[in-house]
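Everything on this sheet refers to the single structure shown next.
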Amino acid sequence: MKRPVKNKMNQGIFTAVILLLISYGNLALAQSHLPNKYGLNVVKDITILKQQINLDSNKRLVELNDKIPGITLDIKYTTKDNFTKKKLYPPIKTTFLRKPAADSLLKIVSYLKTMGLGIKIFDAYRPYSVTEKMWEVVPDDRYAADPAIGSGHNRGASIDLTLTDLATKKELPMPTGYDDFNEKAHHGYTQLPEEIIKNRETLKSVMELFGFTALKTEWWHFYLPNSSYYELMDLSFGELNKMNSND
């Protein structure tokens, strides 16, 4: 009998916050607090992100080109060279991760350098609205995030990447291409040449060594184990770039 009372109190507090925001004339900010059709709270106002960062600096979204010099970016969703065959992002020259993920990635790059290896990033932060578009094309949660749950990419806590040879700048052979959704992309798939299995295991072991977790069905996808701590976001790359340039 106590739970309904508590839920009613929480709902009352939530409603009061919305009314207070509206009363101060900030309707856009008030609307950004409202759950979406799935009941999820998605940050759509950069002001809210700034407030969250003020409370916890780990929620800062780090611009990776600035944080990690020398990385290679190949952001597939700026082109039609992706599984949707559509441009899902504007032309961007960088991408973002939450601070703890970016800090770990910097250590990974330094570690791999001793092995003569580098990384190529296919994707990191992804606006929530893009996840909705992807689900329309591939409504299969083995390979695409269900918008009813959201993605670690939407939280700035997931990254898609591969290994490169520092000398030649070429990608190391992997089981499949990026976003190739079949059994060969699974970490447990073993009917592959020894070299490819070794490359896949090197990527996985190094990412896990520095705190990331591998997605079983995609050799390229890794995420922070506590990614649910970070809020879902539907902020544009332009907004994030502007916020970082003003810091």
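No lab work stands behind these numbers, since they all come straight from the coordinates. Keep in mind that what you see is a predicted model, and the values were worked out from it rather than measured. No Cβ is skipped: glycine too gets one built from the backbone with ideal geometry, and neighbour counts run over all protein chains shown.
What the table shows:
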| quantity | calculated |
| --- | --- |
| Two-decimal log10 I(q)/I(0) for segment 115-158, as the Debye equation yields it once each C-alpha is a single scatterer, q = 0.15 Å⁻¹ | -0.41 |
| Gained length - LEU192 relative to SER129, 0.36 nm times residue gap less alpha-carbon distance | 19.1 nm |
| Charge dipole magnitude, Cβ of K and R +1, D and E -1 - segment 42-246, Cα centre, debye nearest 20 | 540 debye |
| Sequence-distant residues sharing a close amide H with ASP123 (under 5 Å, placed H) | ASP160 |
| Angle between the chain longest axis and helix 46-55 axis [Cα atoms, degrees, rounded to 10] | 80 degrees |
| Gain on full stretching of the segment that runs from THR72 to ASN58 - 0.36 nm per residue minus C-alpha separation | 2.6 nm |
| Radius of gyration and Dmax over the Cα atoms of segment 71-154, both given in Å | 14.4, 42 |
| Residues GLU218, GLU63, sorted so that the one with the fewest Cβ neighbours within 10 Å comes first | GLU218, GLU63 |
| Long-range amide H partners of LEU117 with built H, under 5 Å | LEU166 |
| Segment 174-247 versus segment 87-113: alpha-carbon centroid distance in Å | 11 Å |
| Taking all pairs of distinct alpha-carbon atoms in the chain, Kirkwood radius in angstrom | 19.4 Å |
| Cut-off under 5 Å, modelled amide H: who pairs with ARG60 long-range | LYS99 |
| Rh by Kirkwood over Cα pairs, then Stokes-Einstein D for segment 116-247 at 0.890 mPa s and 25 °C, µm²/s | 155 µm²/s |
| Sequence of HIS153, HIS187 once ranked by neighbouring C-beta atoms within 10 Å, starting from the fewest | HIS187, HIS153 |
| Simple Cβ-charge dipole of segment 126-247, Lys/Arg +1 and Asp/Glu -1, about Cα centre, in debye nearest 20 | 260 debye |
| Estimated FRET transfer efficiency (LYS93, LYS216; beta-carbon r; R0 41 Å; 0.05) | 0.80 |
| Cβ-based exposure ranking for TRP220, TRP135, in which fewest neighbours within 10 Å come first | TRP135, TRP220 |
| Contour minus Cα-Cα distance for THR168 and ASN65 (0.36 nm per residue) | 35.0 nm |
| Distance (nanometres) between label positions extended 7 Å along Cα→Cβ at ILE149 and THR114 | 3.6 nm |
| For segment 178-194, Karplus couplings with θ = phi - 60° (6.51, -1.76, 1.60), whole Hz, Gly/Pro x | 5, 6, 8, 8, 8, 4, 5, 7, 6, 5, x, 6, 10, 7, 9, x, 4 |
| In order through segment 221-238: 3J(HN,Hα) via Karplus (6.51 cos²θ - 1.76 cosθ + 1.60), integer Hz, x for Gly, Pro | 9, 9, 8, 6, x, 9, 4, 5, 5, 8, 6, 5, 9, 10, 9, 6, 5, x |
